[in-house]
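Data first, discussion second: the structure below is written as structure tokens.
The values are calculated or read from the model by the stated rules, or taken from the named source; none is laboratory data. Since the model is a prediction, treat every value here as computed from it, not as a measurement. As a convention, Cβ positions derive from the backbone with ideal geometry for all residues, glycine included, and neighbour counts pool all protein chains shown.
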Amino acid sequence: MRDSSLIGRVAIVTGGARGIGRILALALVRAGAQVLITARSPAEIDRTVADARSLAAGACKGMVADVSERRDCEATVAAAERLFGPVGVLVNNAGVGPGSLVPRDAAGTSDRFMDPDPAKRLRFWETDPDACARLIATNLSGVYQMSQAAAGAMVERGFGRVVNISTSVPVMRMPGFSPYGPVKAAVEASTLVWAQELAGSGVTANVLLPGGPTDTAFIPGGDVGVRAPVFAAGKQSAGLEGTNVNRFLLPPEIMAPPMLWLASDGSAETSGRRIVARDWDPDLPVAAAAERAMQPRSAATVVM
């Protein structure tokens with residue numbers, strides 16, 4: 001996607017040093033944006049910043065930050081403004097995976113939550129309490145705190161894009177995925193509320209998700225980066241979110257085209273919506289691709 005509105009636009013991508021966050025950050029840099037990534041690993045930040053520099057397009061800086069800490073969230077927004085200028089895009093991607101919930105002394109390994117037999121998956125009372133608290137603090141409170149830190153100034157300026165990375169609906173209510181799945185459901189409910197509160201301000205809030213298990217470190221087993229078959233987004237029937245009949249992983253790169261659109265001027269009339277990346281056909285005109293990937297509003301999401 002080539003969109004001149006992204007040139008020079010200042011963006012923050014949390015968890016932007018690896019996995020989906022890294023792909024989204026590099027896509028924004030390629031489009032000409034100025035991007036600040038956050039992560040907890042200095043080495044991963046350095047590698048991503050170096051790769052971004054080699055693109056010779058936009059700009060990328062990185063900082064160590066933990067979104068579960070309010071001070072870090074506020075410092076991230078302040079750093080982006082100091083480095084590049086007013087923040088126009090916030091991609092809330094940082095997250096802790098469900099594999100972290102398996103106690104060290106529990107039977108099995110960290111891939112127990114992926115067992116095909118639901119009866120063998122980790123039950124909520126067996127999860128590590130400290131790991132649960134950290135997951136909630138990162139995946140829910142972190143999204144809230146980063147959005148709070150950025151949204152006020154966006155509203156004052158009359159422009160902003162908040163993109164919250166989510167998961168498929170089946171994961172939200174699947175045995176063995178608590179509290180990861182329910183927390184993502186809470187993020188989506190929050191996004192809908194924020195979109196209503198932001199209406200008319202020039203700031204939008206939307207949800208973006210791959211549409212199925214993705215080849216990142218969140219999914220244990222095998223080498224990350226080589227587990228996804230050739231997959232053409234938007235070429236299957238729409239509405240297959242969460243289905244994984246052949247147990248294949250989606251390539252995380254499918255997240256970039258819809259994210260760039262959500263960060264652009266072209267998505268100004270879209271807020272409180274849910275976009276499924278696997279349904280985005282990059283060969284269609286952008287408006288048609290967005291319509292295909294955007295889930296219809298249900299009775300529960302219609303603003304009365």
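Couple of notes before you dig in:
- Of all the listed residues (39, 33, 56, 52), the sole one being over 15 Å from residue 87 (Cα atoms) and touching a residue at least 40 places away in the same chain (Cβ under 8 Å) is 39.
- All conditions in (1) touching a Phe, Trp or Tyr at 6+ places or on another chain (Cβ under 9 Å); (2) surrounded by fewer than 21 Cβ atoms within 10 Å (Cβ to Cβ) hold for residue 50, with the sole exception of (1).
- Selection status of residue 251, in contact with an Asp or Glu (Cβ under 9 Å, 6 or more places away or on another chain), over 15 Å from residue 89 (Cβ atoms) and either free of Cβ contacts under 8 Å to residues at least 40 places away in the same chain or surrounded by 22 or more Cβ atoms within 10 Å (Cβ to Cβ) (or both): yes
- Cβ-Cβ distances below 6 Å connect no pair with a first residue in region 116-138 that is touching a residue at least 12 places away in the same chain (Cβ under 8 Å), a second residue that is of a type in the set (A, V, I, L, M) and exposed (fewer than 13 other Cβ atoms within 10 Å of the Cβ), and a separation of six or more residues or different chains.
- Test: residue 133 is surrounded by 16 or more Cβ atoms within 10 Å (Cβ to Cβ), hydrophobic (A, V, I, L, M, F, W, C) and either farther than 18 Å from residue 213 by Cβ or in contact with a Pro (Cβ under 9 Å, 6 or more places away or on another chain) (or both): no
- Failed item, numbered, when residue 80 is tested on (1) at pLDDT 95 or above; (2) buried (at least 20 other Cβ atoms within 10 Å of the Cβ); (3) not in a helix (DSSP H, G or I): (3)
- Qualifying residue in region 261-279 (condition: among the polar types (S, T, N, Q) and closer than 19 Å to residue 170 by Cα): no
- Against the numbered list (1) within 29 Å of residue 159 (Cβ to Cβ); (2) at pLDDT 80 or above; (3) outside any strand (DSSP E or B), residue 241 comes up short only at (1).
- Some residue of region 269-277 being at pLDDT below 95 and either surrounded by 17 or more Cβ atoms within 10 Å (Cβ to Cβ) or among the basic types (Lys, Arg) (or both): no
- A count restricted to region 5-27 and to residues that are of a type outside the set (Val, Ile, Thr), crowded, with 22+ Cβ neighbours inside 10 Å and under 12 Å from residue 84 (Cβ atoms) stands at 2.
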